[in-house]
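Chemist: Sharing a structure here in structure tokens format.
The values are calculated or read from the model by the stated rules, or taken from the named source; none is laboratory data. Only a predicted model underlies this, so the values are computations on that prediction, with no experimental measurement involved. Counting neighbours? That spans all protein chains shown, and the Cβs are built from the backbone with ideal geometry, glycine included. Side chains included, ligands, DNA and RNA excluded: accessible areas come from the protein's heavy atoms. Shrake-Rupley method; radii C 1.70, N 1.55, O 1.52, S 1.80 Å.
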Amino acid sequence: MTTPSSAPPFDVDAYISRYDAASETRLQRLLFLAHQFHSHAAAVQQQQQAAHAFQLAVSQMKSTGNYRRYLEEFGATESSNRSEEHSPELTSPHRLKEQQQNAPRSHVIQHYLRYDPAFPAEAKASAQNQLEVLEGRLSTAQSHINKASIRTALLALGEFHWGRGELREGWRRVVRSREYCMNGVQQWNVNLLLVEMSIDMRDWANARDTIARAEHTVLGESGDPLFPQKIRVANALVHLAEGKYYDAAKLFASVSLDLTNQFSSVLSAEDLAMYGALLGLATLDREKLHTLVIDGPFKGRLELVPAMRDVLRHYSLAEYGHCISILQHTVRRDILLDIHLHSHVPALFEMIRDRCIIQYFQPYLSVSLEKMGKVFGYSESDMEEIVAKLIINGGVHGMSFGEGARINSLEKTLSVYSTRCVERKARRRARVMAAKMGINFVRNAEAMILRLRCILPIIGVACLENGLVMGGSGRSTRAGRARDATRKQIPDRMVMDALDQSESDGSYTDDAMEVDEHHIANPNDF
């Protein structure tokens, strides 16, 4: 397998410029990047990238007044003294050294930036003044019972708390404003804001409920033509978080090309391309992948992610070794730095690898595990373990090696039955089944004949006891009784004994189909 050149250095500025400058997702992504670079800071370059990411995050915190997140990152807390309830003084992280040592998470930002005690104090005082103004506007609107003013005041409070990192309080305010919406456009604005907040909080249950509400009550009345596409993106993100990769792939692939960076407070255009291509490669079969991703309208998005475009091209040409190599050496790094995809990387890459291995084997009847390992970059023992797991699990997503797949541990090969062998085994099964059906038919026929021969004498004896003989037409006649008078010479005791014996044996009540203890087919079914 050819190893591609290493990926170019990660550009933090270019990456973070895709998102809204004041959005919560931009701040979360910056902090996530900084912590990821710090945890793998084996090189000076990664340490510089971590420091730069922390600087951008702190800059956004100061511009939005998000002092709570600033304190969380530095490990500082607000003073709990009641006498200082209205004081802007906050506890410095140096006074909490013991708490930091006992904390489960280290505040790594202190290795790159110095703590600014003035910012939290000033930001808290400014936030308190703004909150009083906004609460006053809400009280005034409620006193005048003006629905439009109440909704506007609640939305302003929600955005105020959201910008300062108080996501739960902001979400609660926005939910209340939904009761005061008077048309579809207002409903659209509130529901979309709730979806964004739920995604930022990773509250996927609330996001799913809000999306369902928006689809059933708002869709078709909003003033934004891209509203359905934004809801579809949010729904796909919920499916991804819940591990429903197939549903998420179809939703991402069906997003209109008109939606690019209009939803940058959640996902960028590059994210849409990466998510749709990666999930489609992991879950869709070859026909659907070409229809929805490679040759469909989604093809226009692949220009934003050249590495993923090359992966799909190699997969389409059945060059599975190059496909896996680019995924491992180029795409993997970018995905591990994504805040939504990083936790799904092992599962998605394993699904793609298994799908490639199965499709690689399909044209053959027997393949050496050693050569197969060289193609995919695995040792012989690792490839044997992967193939054995696939055989036990029956393949992946409806794809399998074929009938009779087995590993020859001595020759280290993977083999399946040939087409002629499969047809020969099918003919053999048909012959065996036909022979069994013939044997069962003969057994049932003999059992019915035996039953009839056992029942007919009993019927004759019972008729003699009653003094009747059944004629050809089924009616008893005196001539018949006279003609067979000699049969009356049979003692009544013998007749009763025969009836009692037949009742005790159950010979005339048992089903003739139960002669054989084994399962016997009904001849009428043939």
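Chemist: Give just the number: which of (1) at pLDDT below 90; (2) exposed (fewer than 13 other Cβ atoms within 10 Å of the Cβ) does ALA347 not satisfy?
Modeler: (1)
Chemist: A further question follows. Can you tell me which residues in the stretch 291-316 are under 15 Å from SER254 (Cβ atoms) and not hydrophobic (A, V, I, L, M, F, W, C)?
Modeler: Scanning the stretch 291-316 gives THR291, ASP295, GLY296, PRO297, LYS299, GLY300, ARG301.
Chemist: Evaluate the following for GLN110: is it modelled with pLDDT under 90 and assigned to a helix (DSSP H, G or I)? If you could, list the steps in order and put the result at the bottom.
Modeler: On the way: modelled with pLDDT under 90: yes; assigned to a helix (DSSP H, G or I): yes.
Considered against the rule, which asks whether it is modelled with pLDDT under 90 and assigned to a helix (DSSP H, G or I), GLN110 comes out as yes.
Chemist: Residues that are open to solvent by 20 Å² or more (accessible area, probe 1.4 Å) and farther than 22 Å from ALA234 by Cβ: which helices (runs of 4 or more DSSP H) entirely in the stretch 261-340 hold 3 or more of them? Show your work before the answer.
Modeler: Working: elements: 269-283, 286-289, 306-316, 320-326, 332-336.
By residue number, 286-289, 306-316, 332-336.
Chemist: Kindly provide the set of residues from the stretch 350-366 that are under 16 Å from THR283 (Cα atoms) and either touching a residue at least 24 places away in the same chain (Cβ under 8 Å) or crowded, with 20+ Cβ neighbours inside 10 Å (or both), ordered by number. Explain how you work it out, then say what you get.
Modeler: Start the filter on the stretch 350-366 by keeping residues that are under 16 Å from THR283 (Cα atoms), which leaves 350-359.
Residues satisfying the conditions are MET351, ILE352, ARG353, ASP354, ARG355, CYS356, ILE357, ILE358, GLN359.
Chemist: If you don't mind, there's one more thing I want to ask. Working carefully through the options VAL195, VAL174, VAL190, VAL185, find the one that is surrounded by fewer than 21 Cβ atoms within 10 Å (Cβ to Cβ) and not charged (D, E, K, R). Step through it out loud before you land on a result.
Modeler: Details: VAL195 fails: surrounded by fewer than 21 Cβ atoms within 10 Å (Cβ to Cβ); VAL174 fails: surrounded by fewer than 21 Cβ atoms within 10 Å (Cβ to Cβ); VAL190 fails: surrounded by fewer than 21 Cβ atoms within 10 Å (Cβ to Cβ).
Going through VAL195, VAL174, VAL190, VAL185 in turn, the sole match is VAL185.
Chemist: Here is a list: LEU337, LEU369, LEU341. Which entry is of a type outside the set (D, E, K, R), under 19 Å from TYR320 (Cα atoms) and in contact with a Leu (Cβ under 9 Å, 6 or more places away or on another chain)? Even if it seems obvious, please write down each step before you answer.
Modeler: Values: LEU337 fails: under 19 Å from TYR320 (Cα atoms); LEU341 fails: under 19 Å from TYR320 (Cα atoms).
Going through LEU337, LEU369, LEU341 in turn, just one is of a type outside the set (D, E, K, R), under 19 Å from TYR320 (Cα atoms) and in contact with a Leu (Cβ under 9 Å, 6 or more places away or on another chain): LEU369.
To keep it simple, each residue is scored yes or no on (1) of a type in the set (A, V, I, L, M); (2) assigned to a strand (DSSP E or B); (3) over 30 Å from ALA53 (Cβ atoms).
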site	(1), (2), (3)
ILE352	yes, no, no
TYR364	no, no, yes
GLU384	no, no, yes
ILE391	yes, no, yes
GLU411	no, no, yes
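Chemist: Which of the following residues is open to solvent by 90 Å² or more (accessible area, probe 1.4 Å), part of a helix (DSSP H, G or I) and modelled with pLDDT of 90 or more: LYS124, LYS97, LYS62?
Modeler: Values: LYS124 fails: open to solvent by 90 Å² or more (accessible area, probe 1.4 Å); LYS97 fails: modelled with pLDDT of 90 or more.
Residue meeting the stated conditions: LYS62.
Chemist: Show the residue pairs that are 6+ apart or on different chains and have beta-carbon atoms under 8 Å apart, the first residue being within the stretch 328-347 and without any contact (Cβ under 8 Å) to a residue 24 or more places away in the chain and more than 16 Å from GLY243 (Cβ to Cβ), the second being open to solvent by less than 30 Å² (accessible area, probe 1.4 Å) and of a type in the set (Val, Ile, Thr).
Modeler: Hits for this filter: ARG332/VAL345.
Conditions (1) at pLDDT 75 or above; (2) within 31 Å of the chain's Cα centre (by Cα), marked per residue:
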site: GLU384; (1), (2): yes, yes
site: LYS389; (1), (2): yes, yes
site: SER400; (1), (2): no, yes
site: ALA405; (1), (2): yes, yes
site: ASN408; (1), (2): yes, no
site: LEU414; (1), (2): yes, yes
site: TYR417; (1), (2): no, no
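Chemist: I would also like to ask the following. Here is a list of conditions, (1) surrounded by fewer than 19 Cβ atoms within 10 Å (Cβ to Cβ); (2) over 24 Å from THR260 (Cα atoms); (3) modelled with pLDDT of 90 or more, and ALA57 meets all of them except one; can you say which number that is?
Modeler: ALA57 satisfies all of (1) surrounded by fewer than 19 Cβ atoms within 10 Å (Cβ to Cβ); (2) over 24 Å from THR260 (Cα atoms); (3) modelled with pLDDT of 90 or more except (1).
Chemist: Any idea which of (1) over 22 Å from VAL345 (Cα atoms); (2) open to solvent by 10 Å² or more (accessible area, probe 1.4 Å); (3) of a type outside the set (S, T, N, Q) is the one GLY243 doesn't satisfy?
Modeler: (1)
Chemist: May I pose another question? Within the stretch 21-37, can you find the residues that are assigned to a helix (DSSP H, G or I) and hydrophobic (A, V, I, L, M, F, W, C)?
Modeler: At the first step, the residues of the stretch 21-37 found to be assigned to a helix (DSSP H, G or I) are 24-37.
LEU27, LEU30, LEU31, PHE32, LEU33, ALA34, PHE37 - these are the residues of the stretch 21-37 that are assigned to a helix (DSSP H, G or I) and hydrophobic (A, V, I, L, M, F, W, C).
Chemist: Looking at the stretch 133-189, which of its residues are closer than 20 Å to ALA207 by Cα and touching a residue at least 60 places away in the same chain (Cβ under 8 Å)?
Modeler: TRP162, GLY163, GLY165, GLU166, LEU167
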